[in-house]
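S.K.: This is the structure I want to talk about, given as structure tokens.
The values are calculated or read from the model by the stated rules, or taken from the named source; none is laboratory data. Just so you know, these numbers come straight off a predicted model, no measurement behind them. We place every Cβ from the backbone using ideal geometry, glycine too, and count neighbours over all the protein chains shown. The accessibility values were calculated without ligands, DNA or RNA, using every heavy atom of the protein model including side chains. Shrake-Rupley method; radii C 1.70, N 1.55, O 1.52, S 1.80 Å.
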Amino acid sequence: MLKKAIKRIICVFIVLAVMLLANGSITAAQPEDANLKIVDISKWNNSIDWQKVSLSVDGVIARIGYRGSVYRDSLAEDDLFYSHYQGCSTYGIPFGCYFYSLAVTVDEAVEEAEWIIETLKKYNCKPDLPIYIDMEDYIVQNETTNRKRTDIAKAFCRTLFENGYYPGVYANKYWLTDLLYPAEFSDCSIWVAQYADTCTYKGSYDMWQYTETGSVNGINGKVDVNHCYKDYSTFIKKYGFNGYPGSVDYKPDDEAVTDTSKYGMYEIVTTSLNVRTGPGTEYLSLGKLKKGSQIYVYGVNNGWGAIRFGNSLGWISLNSNYLKQLSNHNSTEKGIGFYSVNVDTLNVRSGPSTSYSRVDKLNSGEQIYIHQLKDGWGAFYYGDGSTGWVTLEYLTFTGTVNFIGGSAKGGMNHQLIVKGKTAELNKNNFTLNDTEFAGWATSENGKVVYSDGGAVKMGDSNVVLYAVFDSGEFYRWADTVTVEGGVAHINSLMLTEQDFTEKYLELTKSATVTFNSPHKGVAGTGTAVSISNGKRADTFTLCLKGDVNGDSMCDGLDMSLLIELVNSGEKEYSTAQLLAMDLNSDGKLDGKDIEQYKNIIFNGRILK
């Protein structure tokens with residue numbers, strides 16, 4: 001809701017006063033219109049006095065269901081969901097729900113959302129609070145990439161929103177910071193989990209789960225407790241979500257928390273500009289953009305802009321001393337830029353509608369640069385200069401920088417050479433962790449490469465040139481590997497050096513791999529992997545979940561190291577080792593991780 005400045009200032013002071021009396025501290029990322037006490041429950045909370053609860057909380061979010069971990073096509077209802085809904089309904093407690101997701105594809109996320117809709121209609125249930133996807137599984141969803149995890153969450157939320165339900169995403173601070181691109185989430189609630197006195201997550205959120213050991217009158221035992229900073233019960237009924245008639249048509253700008261006028265293309269005007277892991281100088285640097293680089297900003301947070309940087313979410317300062325805005329795009333989903341195909345096959349047509357003839361097809365995951373928009377369709381160039389049209393309905397916007405896999409190869413501010421014209425080739429002085437610019441290519445395969453700075457004249461067709469970076473010329477990571485901060489995360493155990501090279505790297509003939517491992521012949525946590533093509537080398541440290549001592553096994557020795565660290569906190573470990581110990585990926589090392597180790601070691605549950 002757009003507020004006048006004086007009203008916003010008064011509201012901020014009210015919230016600060018309330019929060020000083022509550023458990024937890026406010027951050028600048030939170031909306032300022034409420035501070036409600038919400039509990040979240042499941043079948044494990046099986047003895048509840050709803051009359052007492054109604055006097056103790058402002059709302060309840062109950063698990064509605066989950067996907068089976070063994071029989072993955074099985075979507076199961078929580079045994080007590082209907083009972084919890086009835087209790088809240090009887091005593092007028094605002095009610096929402098969450099689904100524990102194990103989706104590993106967009107189709108599975110859509111299936112989960114559609115199942116929720118059917119279940120709510122079965123009980124004539126109209127939630128007063130959002131409907132959340134719970135993303136925290138450390139075995140299934142943690143094996144995929146940031147891009148896929150984000151697309152799964154977006155598909156879940158989009159399906160609910162398009163069917164009139166208000167969605168949300170639940171994840172812990174580590175997931176929201178390092179495993180998802182939350183700046184891409186729109187028209188949904190963000191619910192962050194961090195068990196602490198203060199929430200230090202720097203992104204935008206409207207609910208914070210601050211403890212799992214809370215006490216609430218009417219609920220036996222410990223329970224999860226949350227601060228909710230938005231009055232969703234009023235919001236949902238006002239705008240007609242979740243089955244309510246509504247009194248006002250919903251317009252996203254009415255509830256905007258960021259200035260979308262700052263979305264768009266920028267050019268760096270300072271010598272170099274740091275790209276950081278979060279919106280502030282306290283975050284680590286991912287690399288630099290040099291003067292003249294052009295980049296697309298698709299999210300804004302406290303004077304910082306969200307960009308695509310390699311395969312990661314990056315943040316840059318929007319200070320006008322460092323960059324200038326070249327164009328404005330208010331839609332990150334329908335703008336000019338790179339898109340990825342999100343269906344199995346997508347027809348390419350000769351014009352912007354299905355009435356035009358089909359000339360080709362694109363496969364799932366293929367990337368194209370849309371340079372023209374018309375009536376929900378986008379035009380792109382082939383390497384020979386011919387044009388194809390595709391509907392934007394089955395494309396995912398990925399920004400104006402497109403890198404392929406884990407390597408630094410792709411289109412950085414493409415350059416169109418118009419037929420019959422002469423153009424001076426001009427790279428944008430872009431580097432990714434000091435990766436060298438190699439030239440221009442007519443396709444992502446680099447079949448035709450032009451040197452930088454030369455004059456090129458096209459014949460009777462247009463040609464789009466894409467920037468090519470050197471490391472992309474000699475290796476590529478498998479899709480299952482997540483590379484962040486020089487650490488390669490691999491969800492597998494019992495790896496030899498040969499297994500690692502064959503399963504997780506795609507090499508050209510000129511590339512070689514060398515290992516520096518604490519255990520000869522084994523590729524485990526702490527192993528340094530160097531990939532070289534003779535003139536440059538990229539080095540990474542491996543991290544295998546559960547393997548702390550580097551022998552590529554998850555056993556009692558690894559668990560004992562974690563227990564020693566949790567109890568004493570004295571011994572120092574590398575970043576890769578600490579990440580390996582964090583089995584539930586919540587950014588903390590505690591008893592939960594120890595229990596995960598016990599489950600793996602004593603119950604025979606194997607990490608794959």
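S.K.: Among (1) modelled with pLDDT of 95 or more; (2) open to solvent by 10 Å² or more (accessible area, probe 1.4 Å), which single condition is E108 missing?
M.R.: E108 satisfies every listed condition except (1).
S.K.: Restricting attention to the stretch 374-404, report how many residues are touching a strand residue (DSSP E or B) at 6+ places or on another chain (Cβ under 8 Å), at pLDDT 75 or above and either under 30 Å from G314 (Cβ atoms) or crowded, with 18+ Cβ neighbours inside 10 Å (or both).
M.R.: 13
S.K.: Just need a number here: residues in the stretch 199-232 that are among the hydroxyl-bearing types (S, T, Y), under 10 Å from I38 (Cβ atoms) and assigned to a strand (DSSP E or B).
M.R.: 0
S.K.: Hey, another quick one. Report yes if A103 is surrounded by 22 or more Cβ atoms within 10 Å (Cβ to Cβ), at pLDDT below 95 and of a type in the set (A, V, I, L, M, F, W, C), otherwise no.
M.R.: The answer is yes for A103.
S.K.: Restricting attention to the stretch 553-601, and to residues there that are among the charged types (D, E, K, R) and in a loop (DSSP other than H, G, I, E, B), which single residue is most open to solvent (accessible area, probe 1.4 Å)?
M.R.: Of everything passing the filter in the stretch 553-601, E572 is most open to solvent (accessible area, probe 1.4 Å).
S.K.: Are any residues in the stretch 545-596 among the polar types (S, T, N, Q) and in contact (Cβ under 8 Å) with a residue 12 or more places away in the chain, and if so, which ones?
M.R.: N549, S552, S574, T575, Q577, N584, S585, Q596 - these are the residues of the stretch 545-596 that are among the polar types (S, T, N, Q) and in contact (Cβ under 8 Å) with a residue 12 or more places away in the chain.
S.K.: Do we find a residue being within 19 Å of G240 (Cβ to Cβ), open to solvent by less than 40 Å² (accessible area, probe 1.4 Å) and free of Cβ contacts under 8 Å to residues at least 60 places away in the same chain anywhere in the stretch 140-158?
M.R.: Yes: one or more hits.
Conditions tested, residue by residue: (1) open to solvent by 50 Å² or more (accessible area, probe 1.4 Å); (2) of a type outside the set (D, E); (3) modelled with pLDDT of 80 or more.
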position	(1), (2), (3)
E436	yes, no, no
N445	yes, yes, no
A455	yes, yes, no
Y466	no, yes, no
S492	no, yes, no
Q498	yes, yes, yes
E502	yes, no, yes
V513	no, yes, yes
K535	yes, yes, no
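S.K.: I've got another one for you. State whether the residues of the stretch 51-67 include one that is open to solvent by 20 Å² or more (accessible area, probe 1.4 Å), at pLDDT below 85 and among the hydroxyl-bearing types (S, T, Y).
M.R.: no
S.K.: Cβ-Cβ distance below 6 Å, separation of 6 or more or different chains: which pairs start in the stretch 210-224 with a residue that is on the phi > 0 side of the Ramachandran plot and end on one that is open to solvent by 70 Å² or more (accessible area, probe 1.4 Å)?
M.R.: Pairs that qualify, where the first residue is on the phi > 0 side of the Ramachandran plot and the partner is open to solvent by 70 Å² or more (accessible area, probe 1.4 Å), are G218/K52.
S.K.: Scan the stretch 116-139 for residues that are assigned to a helix (DSSP H, G or I) and either on the phi > 0 side of the Ramachandran plot or within 20 Å of the chain's Cα centre (by Cα) (or both) and report the count.
M.R.: Looking only at that region, the number is 0.
S.K.: Out of the residues in the stretch 201-218 that are open to solvent by less than 10 Å² (accessible area, probe 1.4 Å) and among the aromatic types (F, W, Y), which is nearest to W50 (Cα to Cα)?
M.R.: If we take residues in the stretch 201-218 being open to solvent by less than 10 Å² (accessible area, probe 1.4 Å) and among the aromatic types (F, W, Y), then W208 is nearest to W50 (Cα to Cα).
S.K.: Right, something else. Look at the stretch 145-195 and say how many of its residues are small (G, A, S), in contact with a helix residue (DSSP H, G or I) (Cβ under 8 Å, 6 or more places away or on another chain) and assigned to a helix (DSSP H, G or I).
M.R.: 2
S.K.: I'd like the full set of residues that are within 13 Å of E393 (Cα to Cα), open to solvent by less than 60 Å² (accessible area, probe 1.4 Å), modelled with pLDDT of 85 or more and among the polar types (S, T, N, Q), limited to the stretch 313-363.
M.R.: Listed by number, the list holds a single entry, S353.
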